[in-house]
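The values are calculated or read from the model by the stated rules, or taken from the named source; none is laboratory data. Predicted model only: the values in this text are computed from it and were never measured. Every residue, glycine as well, gets a Cβ built from its backbone with ideal geometry; the counts of neighbours run over all protein chains shown.
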Amino acid sequence: MRLSTFFSLCLLALWLQPGSASADAMGRRVALVVGNGDYGDAATALPNAPNDARALAAELEALGYQVVRAIDQDYRGMRAALARFADALRGADAGLFFYAGHGMEFQGRNYLFPTDAELRNESDVYIGLIEVDQVLRIMETSVPVRLVFLDACRDNPLARRFRGSLGATRSSSVGRGLARVDATVGTFVAYATAPGEVAEDGSGDNSPFTTAMLRHLEVPGLDVSDFMRRVRQSVVEMTDARQTPWESSSLLGSFVLNVEVNITVEPPPPPPAEAAVQSSGQAEIVFWQSIQQSARASDFEAYLARFGDDGIFAPLAKARLAGLVEAAAEDDTPAAVTPEPEQEVAAVEPARSTVAAEPPPTVVTLSEGSPEDREDMLGLSLADWQRLQAGLDALGFDPRGVDGRPGPNTRRAIAAWQAARGSKPSGFLDAGQRRRLESEAEPRLAALEATRPAVGGAAATSFKDCDICPEMVVVPAGSFQLGSPASESSRRAEEGPQRRVCFAEPFAIGRFEVTWRQYSACVSAGACRSPGARAGDLPVEGVGYEDARAYAAWLVRRTGRPYRLPSEAEWEYAARGGTGTAYFWGASSGSGHAVCADCGTRYDFDGPAPVGSFPANAFGLHDMAGNVWEWVADCWNESHEGARSDGTARRDGNCRKRVLKGGSYESRPHVLRSAARKGDFPDGSIGRGFRVMRPLN
C-alpha cells in the first residue's frame, strides 16, 4: 500500500461514522467571525486580518460551533452579518464574537471599521462604523454567556487622519487603540493588547494574538480565564513584551471553549425546506441560494416581491433582473446569469452529495469573484479539509498528508485534480467541485478501508534477523491520539494537546527492551560503549541516547536491515496496543502489572525485572510500562504542538535533550501512563534503556 494512501483510511471512519450527542454536551454555540483587511490602499491594508478570521472560523467549526463568517465586508455587509448572527443566536447557549481589523476609540466608545469606512467628519463615525456596544447588546438580548475577542487595536492610519481633521481642541477624543470595556454579568471581553495600546498585525500568516488563540484553542478542557492566561503569556513571548493582551470578565461560572467531547463529523443535511426555517434571515439566505444561478427573471422578481428593497441581496437581484430583461430584449435565447461574489456567511452550508449510482454532479464554475473568495464562501472546517485531503489521496492526487491544513501541497493536488477534470487548475474549490470530489472519492475510500489490516490480537507476527538480534513484533498500521486528554488523572501539560497520528504501513518494534546479553554482543564487537558488567535477560540500563543509536547502527551493519530508535509517536502507538486508556491494561494503575516504585510486585524498589516478567499488551509487547525508561528519537518539546501527523520523530525544539518514555523501576505508578513523557540530557543515567524498531519495507 502506498504511504500516502493510508492517510485516507485514517479519515474514512470520520466520514462514515454516525452522529453523537456531542452537541448536547456542550450546548449550542454560535460565533460571528469578522476579518477586514482590504481597506483600499497599502497604507491602511491589514493582510493578516482575513487570514486570522478564516483560521479561527475553521478552528471553531472543528470544535462544534455554528459559525457566521464575514470577510472583507463593507458597512452593508457587516450589518447583514450581524443580522445573521442575531438570527442564529436565538435559542443558543453561548455566543462568541471575534473581530480582526481596524478599530478606534472615539469619545470613550469603541468602533469597528468596515472596508468602505471614510471619516471625513464626526457624523461619519455614527453613520459608517459599527459600534462594539451594539454587538454586545445583540448578544445580551439572546444568550446567557457572551465572549468577545477584539484584535482591533492595530495601528490605524484612518483614525490618525481623523484625529488630525478634528483640530487641537477635539483630537484627544480619538483614542490610541481601544477604550476599556467593563463586562456586564455573563460577558467576557478580551483585547489583543491593553486598552489605549496598539497591537501588531504580525509578520507571519496571522497576528500574534490570533496565533496564540489558535494554539491554545487546541487544548481541551481549559476555562476561558486559563485560556487567556496562556494566550497572554504566548503573545508577550512572541512580541518581546511589546504587546500584552487584556480581558474583562463578569462570567458567573466556568466556561470551557474546547469542550472535551467526541465531536463527530457527518455530512450536513441538505438545506432545510423554507417552511422549516425558523428565522426570516435564514429563510432569505436559503431562498437566495436557490435562485442565485437562475436564468429566469421571474425568480428575481419573486425574491424582490417577498423581501423588498431592504433584502440583503436586493441590489444583486435588481441588477440581475435588469440584465435578464435587457438580454431578453436583444436575444430570444434565455440569458445566462453570471453570479456575483457574495458576502461570506457560512450560516447555511451547501449540501454535500451522498454516494449513489448516478453520475457525479457537474462542476459549477462561477465566473465572477476570485477562486479564493468562492472557496471561502464554503466555510470549510478542519474536518472538512481532512476529508477532502483524504479524497484527493484516494484518487491519486497526493496532498502529502491529511492534516486539515490546505497548504501548498494540498493546493497542487487540487489543481492537478481540476486539470484532470477539464477545469481551470486554480487550486481552490467551489461548491460544485467540492461535491464532485467527495462523490468521486467516497467509493475509493470505502474500497481502501476493506483492505485495512486488523489492529491488535495475541497472534502478532514476530521474527529475528540474527541469533543475537532482538525479537521483533510486527505492529499493524492504524491511527491513534498522541498524548493524553485533559481529564486524565495525573496528566501533565507537556502531554497535550492531543494529536491524531496515522501510520500508513505496519512496522516492527522490539518485543522486549534490549537486554544486557544483546547489548554485550555490540560491546564485544567494539561498536558500543560498555555501561557496566551485568549480563543476562535484564534490560540494559545506564546507556545514553547516543549509546542506543550506536547499538541500532551496529544492527544495521550486522543484518543489512534499517534498525533505529522509534519515534515518540511510534513508541506510544505500540505501547497503547490499540487502547485509549491511561495504561494499556485500563484507566488506573492497579497492581501487579509492571515494575515501578509501589506497583505491588516483588521487584518494587529493587531494580528492573527480567524482560517479559509481566503480561504483554494487545500487540504482544512486554514492559512498555515500567522496568527502565526508554530513549526515543525525538528532540524534547514542551508540548505536542507541531507533532507530525505521520508519526515521524520531531527534529525541532530542544535537541540538547531527548524524550524518554515508559517510566522505570524508580517511578511512581502515574509515570507509567502511555502518554507520560520527559526530556533529559542524553547521558547514560541509571534506569535508562531502550528498544529498537525497523520499517518492514
Notebook entry, point to check: Looking only at segment 110-124, which residues are in contact (Cβ under 8 Å) with a residue 40 or more places away in the chain and under 18 Å from Gln134 (Cα atoms)?
Noted result: Asn110, Leu112, Phe113, Pro114, Ala117
Checklist line | Subset of segment 203-227 (residues that are of a type in the set (Val, Ile, Thr) and either touching a strand residue (DSSP E or B) at 6+ places or on another chain (Cβ under 8 Å) or in a helix (DSSP H, G or I) (or both)) | finding: Thr210, Thr211, Val224
Item checked: Of all residues in segment 675-696 being farther than 17 Å from Thr648 by Cα and at pLDDT below 90, the one that is surrounded by the most Cβ atoms within 10 Å (Cβ to Cβ) -> Pro682
Next item on the list: Write out, first by first residue and then by second, each pair whose Cβ atoms fall under 6 Å of each other, whose residues are 6+ apart or on separate chains, and whose first residue, in segment 573-595, is in the same structural domain as Ala486 (by TED's automatic domain parsing) and surrounded by fewer than 21 Cβ atoms within 10 Å (Cβ to Cβ) while the second is assigned to a loop (DSSP other than H, G, I, E, B) and small (Gly, Ala, Ser).
Entry: Gly578/Gly456; Gly578/Ala618; Thr581/Ala587; Ser591/Gly600; Gly592/Gly600
Next item on the list: Filter segment 487-533 for residues that are more than 39 Å from the chain's Cα centre (by Cα), closer than 21 Å to Pro682 by Cβ and of a type in the set (D, E, K, R) and give the result.
Entry: Arg529
Notebook entry, point to check: For Glu513, all conditions in the list (1) at pLDDT below 95; (2) buried (at least 20 other Cβ atoms within 10 Å of the Cβ) hold save one; what is the number of the exception?
Noted result: (1)
Checklist line | Selection within segment 110-142 - surrounded by 18 or more Cβ atoms within 10 Å (Cβ to Cβ) and either assigned to a loop (DSSP other than H, G, I, E, B) or among the basic types (Lys, Arg) (or both) | finding: Phe113, Pro114, Thr115, Ala117, Leu119, Leu129, Ser142
Note to self: Go through (1) closer than 19 Å to Thr211 by Cα; (2) among the basic types (Lys, Arg); (3) surrounded by fewer than 22 Cβ atoms within 10 Å (Cβ to Cβ) for Arg76 and report which single condition fails.
What the structure shows: (1)
Notebook entry, point to check: Among the candidates Gly167, Gly202, Gly175, which residue alone is under 19 Å from Glu131 (Cα atoms) and modelled with pLDDT under 65?
Noted result: Gly175
Check: among the aliphatic types (A, V, I, L, M), over 20 Å from Gly663 (Cβ atoms) and either outside any loop (DSSP other than H, G, I, E, B) or in contact with a strand residue (DSSP E or B) (Cβ under 7 Å, 6 or more places away or on another chain) (or both): does that describe Ala552?
Finding: yes
Next item on the list: Mind telling me which of the residues Gln498, Gln481 ends up being closer than 15 Å to Arg576 by Cα, among the polar types (S, T, N, Q) and buried (at least 18 other Cβ atoms within 10 Å of the Cβ)?
Entry: Gln498
Margin query: I'd like to check which strands (runs of 3 or more DSSP E) are fully inside segment 578-697 and have at least 1 residues that are of a type in the set (Asp, Glu).
Written below: 629-636, 677-680
Item checked: Test for Leu46: is it at pLDDT 90 or above and assigned by TED's automatic domain parsing to the domain that holds Leu119 -> no
Next item on the list: Go over the candidates Arg79, Arg54 one by one and state the one that is farther than 20 Å from Glu218 by Cβ, among the basic types (Lys, Arg) and at pLDDT 90 or above.
Entry: Arg79
Notebook entry, point to check: Within segment 519-532, can one find any residue that is under 24 Å from Gly626 (Cβ atoms) and in a loop (DSSP other than H, G, I, E, B)?
Noted result: yes
Margin query: For segment 559-571, which positions are part of a helix (DSSP H, G or I) and either without any contact (Cβ under 8 Å) to a residue 12 or more places away in the chain or out of contact with any Lys or Arg (no Cβ under 7 Å at 6 or more places or on another chain) (or both)?
Written below: Thr559, Ala569, Glu570
Notebook entry, point to check: Which members of segment 13-37 meet the condition of being crowded, with 19+ Cβ neighbours inside 10 Å and modelled with pLDDT under 90?
Noted result: Trp15, Met26, Gly37
Notebook entry, point to check: Do we have His640 as closer than 30 Å to Pro399 by Cα and in contact (Cβ under 8 Å) with a residue 12 or more places away in the chain here?
Noted result: yes
Notebook entry, point to check: Which one of Gly662, Gly653, Gly689, Gly647 is in the same structural domain as Ala574 (by TED's automatic domain parsing) and without any contact (Cβ under 8 Å) to a residue 60 or more places away in the chain?
Noted result: Gly653
Next item on the list: Take the residues in segment 216-248 that are modelled with pLDDT under 85 and within 18 Å of Gly496 (Cβ to Cβ), then tell me which one is surrounded by the fewest Cβ atoms within 10 Å (Cβ to Cβ).
Entry: Gly221
Next item on the list: Could you tell me whether Cys522 is surrounded by 19 or more Cβ atoms within 10 Å (Cβ to Cβ) and touching a residue at least 60 places away in the same chain (Cβ under 8 Å)?
Entry: no
